[in-house]
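J.: Please read through the structure below; I'll follow up with questions.
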Amino acid sequence: MRQPIMQRLRSIAELRRLNRLRPRQTYIRIFLGLSLLLVLVAVPFVFLLTDQFSKYAMKQIDKVNRTEIAHSRDNAEFIFDKMMAYGFTMYADKSIQAWMMAGEESQESQVEALAAAAKYRTTEPFLDNAYLINMRTEHVIDLKYGISTFASFQDREILASARTPQSAYQRFFVHRLNGVPMLTLMIPTVPSGQPSYGYLVLLLNDALVKQYLLKGNDQSGLMSFILDRDGAVMLGDEDAPDLDAELAARSNEGMGSFTLHYKGDSWSVQHASIEPQGWVFYQMAKLEGIQADFHSFRTKLTIVLAGMVALLLAVLFWNSRRTYRPISQLAEQLDRKFGLSGRLKPGEAARDEYSVIRDGIELMEDRMGQLDASMREHRNVIQAEYLRQWVLQGKLIAPVEQYLRQHSKLFEYEDLYVSVFRMNGYGAFKEQYGFASRKLIKYAMGNIAEEILQRGGHAESADLGGDHLVVLFAGNALPVDRLTALLEEVKTQIRQWTQIRITVAVSEPKHVRDDIRSVYQHIHELTMLQFVSGEDKVFLERDFEAYMRSVQPLPDDNLLDELIKQVRMAKPEEVSASLDRLFAHMQAMHYAQSKFQLSLMLYTLFKTFNKLPSLDSAQGIEHILASFDTLSGVRGWLERELSGIMDELSNRKGASRRDEIVTEIVEYVKDHLHDPMLTIEEISEQVSLSTRHVRQLFKEALDVTLSDYILQERIAKVKELLVSTDWTVTDIGERAGFQTKSHFFTIFKKATGMTPSQYRDRG
């Protein structure tokens with residue numbers, strides 16, 4: 001019984017001793033804690049960083065080595081092709097050919113052949129020597145030692161090769177002369193496999209060829225050489241037959257790389273085939289030096305980071321001593337600013353500094369939110385949003401109409417014109433400028449249009465996203481010529497100031513009570529006539545009617561819809577099959593009918609994808625079709641164009657473009673939130689991606705489905721309008737894009753647990 005009590009007393013004494021060792025000052029405890037945290041973070045960080053760096057560096061080294069081996073392979077093929085061509089050039093020399101084909105020797109032919117061959121030898125540095133062999137007279141012209149008979153000629157191996165017909169001569173082989181290996185080429189006077197009257201033999205300068213094609217040595221950690229498929233050395237050192245055999249066994253056709261362990265060292269091996277010789281160029285780099293550099297880098301990085309950590313700890317130690325005074329000063333200032341102490345209830349204890357700071361920040365956040373809401377309710381912002389709502393919904397709800405009548409001059413005129421300014425080559429424009437830059441440029445275009453059109457009445461622009469801008473223009477009985485002249489000037493000024501070509505279309509005079517949405521959709525469609533007709537003018541509604549009377553429908557609309565779907569899904573084989581079916585219909589038609597259908601098909605594809613790669617600046621379909629003589633030519637061209645679109649869509653699906661695409665989707669949803677017809681298919685067409693991929697991309701980026709996001713934004717808009725306006729609940733539902741009142745009430749109550757009226761009363 002006594003022993004457990006003594007053990008407990010000893011434990012208590014040990015605990016007290018440990019408590020005395022713990023610093024009493026808060027800033028020291030904070031400093032020690034941060035020091036431990038920095039050490040725990042810094043050490044794994046160093047190893048992770050160096051490991052990632054080593055992997056990245058190895059990839060880059062491998063990429064450089066592949067480029068280098070390809071360059072070396074190309075040099076080798078160039079040298080061998082060059083020497084082979086040089087040999088044929090020598091053989092074609094009349095003096096040389098005459099001597100090799102002669103049936104008897106003459107001093108004159110010998111002198112001429114020797115002089116001609118010597119001339120070729122002096123002009124080619126890679127050529128060490130050359131033999132001219134006459135099998136009839138059994139004489140040899142050796143460019144180094146002169147003319148000799150077969151009996152006195154020293155190179156007996158070459159004579160043996162000449163006496164034995166080979167299956168193929170137009171390849172280099174290794175010939176040893178006095179123990180020295182030399183690349184040799186033998187060219188007969190007749191085709192391979194038949195007895196020849198003469199041979200031209202080229203012996204390359206082994207040292208010079210090695211110097212030009214090979215580099216490195218075993219001591220430098222870099223080796224290169226050329227082997228045939230059996231592992232025999234064609235060019236390079238011959239002191240490692242076991243290594244040569246292993247390399248030949250592991251290499252395959254074309255280019256490749258692998259790691260090899262040889263004599264206790266690790267080597268990175270790059271290889272590339274040399275054609276038509278059937279050889280393989282090898283380049284080996286010792287990995288020991290690279291790994292040593294990585295370890296050295298890790299050591300240096302550790303030292304540098306340790307110094308930085310020590311410096312940071314010193315700063316933290318100094319700063320931790322000064323922490324509480326600034327916090328106290330901040331709490332005092334917030335208390336004086338917002339009078340937080342005066343809000344205490346009788347008998348309530350005074351708040352601590354952290355509570356004061358928290359309450360003060362919450363009050364500042366509330367005021368910033370109120371200020372932000374006030375700024376967003378600024379007249380110009382509201383007016384632009386109401387104009388977008390008017391265009392997209394097609395009609396004016398009472399609060400919007402009341403506001404616009406008070407702040408816009410569009411209602412002061414009799415006639416209302418809806419015009420659309422569409423940017424030509426929008427695909428290239430999107431690649432050149434980011435989303436924010438595109439918004440800024442379209443804002444400048446709207447300002448230019450408004451300033452010029454003020455001369456004939458009043459104009460206001462609305463950016464609905466995509467490749468176009470809507471400009472509402474009001475005037476009194478404005479002549480068509482006057483209107484088109486003003487719009488032509490707008491086109492000119494926009495091109496001058498923004499370097500952007502646009503197509504402009506304008507409606508007939510309308511009334512503010514007309515369905516503006518249907519007018520806008522029709523005029524937007526009208527701008528596409530520039531692509532079809534190639535005319536650079538302001539398009540009127542009558543232009544579209546005249547064109548549609550002349551165009552025949554496609555034989556099967558489903559075929560074209562299927563083609564568009566397959567392009568969006570990037571399925572080249574299915575696209576090719578769909579083109580075959582479409583063009584099969586046209587082959588049985590008259591020229592005029594097939595031309596009409598081609599025009600309509602190109603018109604639909606251009607409208608769907610905002611571009612065709614070769615038609616960004618086209619002068620009209622007539623001009624494009626006139627450049628082809630057959631339907632198969634048109635089909636091939638169109639398949640290439642669609643392949644370019646599929647490649648572009650695939651590139652847009654990369655992670656580097658995801659954030660910009662999601663930002664564009666979010667902005668488009670906000671701009672079209674009040675449009676009850678807003679669909680995911682419409683959003684997909686806006687960003688030129690498939691519906692499935694848009695859903696997936698949005699879900700990955702924001703962790704919410706696109707449908708849920710649209711619904712959340714509409715509910716948030718309803719809440720904002722219920723609190724900040726006195727509009728009727730029905731008007732608010734229409735303003736937020738709900739199609740019916742019952743649907744609006746059901747969705748809102750499901751999301752908030754209250755009806756809109758209850759939410760407004762509670763607010």
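J.: Give me Rg over Rh for the range 656-762, both radii from the alpha carbons and Rh done the Kirkwood way, two decimal places.
T.: Reported Rg/Rh (Cα atoms, Kirkwood Rh): 1.02.
J.: Taking R0 as 60 Å, what FRET efficiency do you get between Thr663 and Thr149 from their Cβ-Cβ distance, rounded to the nearest 0.05?
T.: 0.10
J.: Rounded if a/c is under 1.5, else prolate if a/b is larger than b/c, else oblate: which is the range 118-175, with a ≥ b ≥ c the root eigenvalues of its Cα gyration tensor?
T.: oblate
J.: OK, next. Beyond 20 Å between alpha-carbons counts as too far, so tell me which of Lys439/Lys670; Lys439/Lys491; Lys442/Lys491; Lys55/Lys263; Lys717/Lys749; Lys430/Lys571 fall in that bin.
T.: Where the Cα-Cα span goes over 20 Å, the pairs concerned are Lys55/Lys263; Lys430/Lys571.
J.: Could you work out how much longer the chain between Asp703 and Leu49 gets when fully extended? Use 0.36 nm per residue separation minus the Cα distance between them, nm to one decimal.
T.: 232.5 nm
J.: Under a point spin-label approximation (7 Å from Cα along Cα-to-Cβ), what is the Ser742-Glu681 distance to one decimal in nm?
T.: Using points 7 Å along Cα→Cβ, the separation is 2.4 nm.
J.: Please give the net charge around Arg482, taking every other residue with its beta carbon less than 14 angstrom from that of Arg482, where Lys and Arg add +1 and Asp and Glu add -1.
T.: Local charge sum for Arg482: -3.
J.: When a/c reaches 1.5 or more, the comparison of a/b and b/c decides; with that in mind, is the range 373-510 rounded, prolate or oblate per its Cα gyration tensor?
T.: Here the range 373-510 falls in the oblate category.
J.: Fewest to most neighbouring Cβ within 10 Å: what's the order for His175, His672, His522?
T.: By the 10 Å Cβ count, ascending: His522, His175, His672.
J.: If R₀ is 51 angstrom, what is the calculated FRET efficiency for the pair Gln406 and Arg692, using the beta carbon separation as r and rounding to 0.05?
T.: With a Förster radius of 51 Å, E is 0.65.
J.: Would you please put 388-398, 708-718 in order of how densely packed they are, using the mean number of other Cβ atoms within 10 angstrom per residue and starting with the highest?
T.: Order by mean packing, descending: 388-398, 708-718.
J.: Same structure, new question: If you bin every alpha carbon distance in the range 25-322 into 5 Å steps from zero, what whole percent lands in each bin?
T.: 1, 5, 10, 12, 12, 10, 8, 7, 6, 5, 4, 4, 3, 3, 3, 2, 2, 2, 1, 1, 0, 0, 0
J.: May I pose another question? By count of other Cβ within 10 Å, fewest leading, how are Met445, Met601, Met646 ordered?
T.: Ranking Met445, Met601, Met646 by Cβ neighbours within 10 Å, fewest first, gives Met646, Met601, Met445.
J.: With a point put 7 Å past each Cα toward its Cβ, work out how far Asp239 is from Tyr262 in nm, to one decimal.
T.: Taking the two extended label points, one gets 1.3 nm.
J.: Multiply the residue separation of Arg513 and Glu108 by 0.36 nm, subtract the distance between their alpha-carbon atoms, and state the gained length in nm to one decimal.
T.: 135.0 nm
J.: Next question, about the same structure. Figure the gain on full extension for Met101 and Glu574 (residue separation times 0.36 nm, minus the Cα-Cα span) and round it to one decimal in nm.
T.: 164.1 nm
J.: All other residues with a Cβ under 13 Å from the Cβ of Val519 taken together, and with Lys, Arg as +1 and Asp, Glu as -1, what is their net charge?
T.: Net charge in that neighbourhood comes out at -2.
J.: Right, next: In nm, to one decimal, how far is the modelled label at Asp366 from the one at Arg379, with both set 7 Å along Cα→Cβ?
T.: That separation, rounded to one decimal, is 3.1 nm.
J.: Could you list Ile361, Ile516, Ile661 in order of exposure, starting from the residue whose Cβ has the fewest other Cβ atoms within 10 Å?
T.: Ile361, Ile661, Ile516
J.: Okay, next question. With r as the distance between the Cβ atoms of Leu311 and Asn75 and R0 = 45 Å, compute the FRET efficiency 1/(1 + (r/R0)^6) and round to 0.05.
T.: The value I calculate is 0.30.
FYI, it's all coordinate maths here, none of it is from the lab. None of these values were measured; they are calculated from a predicted model. Cβ atoms come from the backbone with ideal geometry, glycine included; neighbour counts cover every protein chain shown.
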